[in-house]
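Shown below is the structure under consideration.
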Amino acid sequence: MHKRGMSAIIATVLIIGLTVVIAAAIIIWGIGFSSDIQEGADDKNDQTMFCANSKIKLRNGCLENNQLKLLIENQGQVALTGFNVRVIGSASAYGSKIEKDLGIAGITQILVDHDDTIGTIKSVEVLPMLKVKEMISCAQSDELYSIKPC
């Protein structure tokens with residue numbers, strides 16, 4: 001009978017030890033998981049903040065030798081690293097990603113290869129791109145509705 005008592009104590013100690021080990025593993029996993037979520041939220045917050053401070057103005061646009069020439073001014077409070085250009089024509093549309101740095105209050109000209117199969121150009125939309133941790137395209141855009149030959 002004395003041995004049975006010892007077996008119950010040993011079993012209780014083993015169960016408590018196993019419970020502590022499992023609880024510690026869950027806590028360590030939870031801490032890592034929550035820090036990953038927080039990091040992702042911080043990145044998204046940075047992107048939102050930088051995009052909110054970006055603003056461009058399309059000063060001019062013309063078409064010459066199958067190239068669309070666009071004059072862009074950075075009116076925002078952040079430096080830009082490129083542009084997403086959407087050209088909408090009477091038959092279809094196309095997009096182009098242009099990587100070109102543009103500092104705060106800077107003006108630059110970008111050249112976009114033009115695809116004649118889209119028909120007459122109806123509009124050109126340019127979205128600013130910037131690099132937070134990776135290249136992102138912001139929603140604030142400017143649009144031109146009249147593209148003439150240069």
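Please indicate, with yes or no, whether at least one residue in segment 130-137 is assigned to a loop (DSSP other than H, G, I, E, B), over 16 Å from the mean Cα position of the chain (by Cα) and surrounded by 15 or more Cβ atoms within 10 Å (Cβ to Cβ). Full working, then the answer.
Within segment 130-137, the subset assigned to a loop (DSSP other than H, G, I, E, B) is 132-134.
After this cut, where a residue has to be over 16 Å from the mean Cα position of the chain (by Cα) as well, the list is none.
Within segment 130-137, none of the residues are assigned to a loop (DSSP other than H, G, I, E, B), over 16 Å from the mean Cα position of the chain (by Cα) and surrounded by 15 or more Cβ atoms within 10 Å (Cβ to Cβ).
Pull out all pairs, ordered by first then second residue, where Cβ-Cβ is under 8 Å, the residues are six or more apart or on different chains, the first lies in segment 131-142 and is of a type in the set (Lys, Arg), and the second is at pLDDT 80 or above.
Qualifying pairs under 8 Å: Lys131/Thr81.
Residue by residue through segment 50-59, note down the ones that are surrounded by 15 or more Cβ atoms within 10 Å (Cβ to Cβ) and not in a loop (DSSP other than H, G, I, E, B). Steps first, answer last, please.
Here is the first cut: in segment 50-59, the ones surrounded by 15 or more Cβ atoms within 10 Å (Cβ to Cβ) are 50-51, 54-56, 58.
Listed by number, the residues that qualify are Phe50, Cys51, Ile56, Leu58.
Could you list, in sequence order, the residues of segment 72-110 that are surrounded by 14 or more Cβ atoms within 10 Å (Cβ to Cβ) and among the aliphatic types (A, V, I, L, M)?
Residues satisfying the conditions are Ile72, Val78, Ala79, Leu80, Val85, Val87, Ile88, Ala93, Ile98, Leu102, Ile110.
Identify all residues within segment 113-150 that are β-branched (Val, Ile, Thr) and closer than 17 Å to Ile56 by Cα; write none if there are none. Show your work before the answer.
From segment 113-150, those β-branched (Val, Ile, Thr) are 117-118, 120-121, 124, 126, 132, 136, 147; that's our starting set.
Selection gives Val124, Val126, Ile136.
Okay, next question. Could you say which residue among Val78, Val126, Val87, Val112 is within 24 Å of the chain's Cα centre (by Cα) and in a loop (DSSP other than H, G, I, E, B)? Show your work before the answer.
Details: Val126 fails: in a loop (DSSP other than H, G, I, E, B); Val87 fails: in a loop (DSSP other than H, G, I, E, B); Val112 fails: in a loop (DSSP other than H, G, I, E, B).
One residue alone meets the criteria, Val78.
Take the conditions outside the structural domain of Ser141 (by TED's automatic domain parsing) and modelled with pLDDT of 90 or more and apply them to Leu68. Does it pass?
no
The values are calculated or read from the model by the stated rules, or taken from the named source; none is laboratory data. Every value quoted in this text rests on a predicted model; they were computed, and no experiment measured them. Ideal geometry is used to build each Cβ from the backbone, glycine not excepted, and the neighbour counts take in all protein chains shown.
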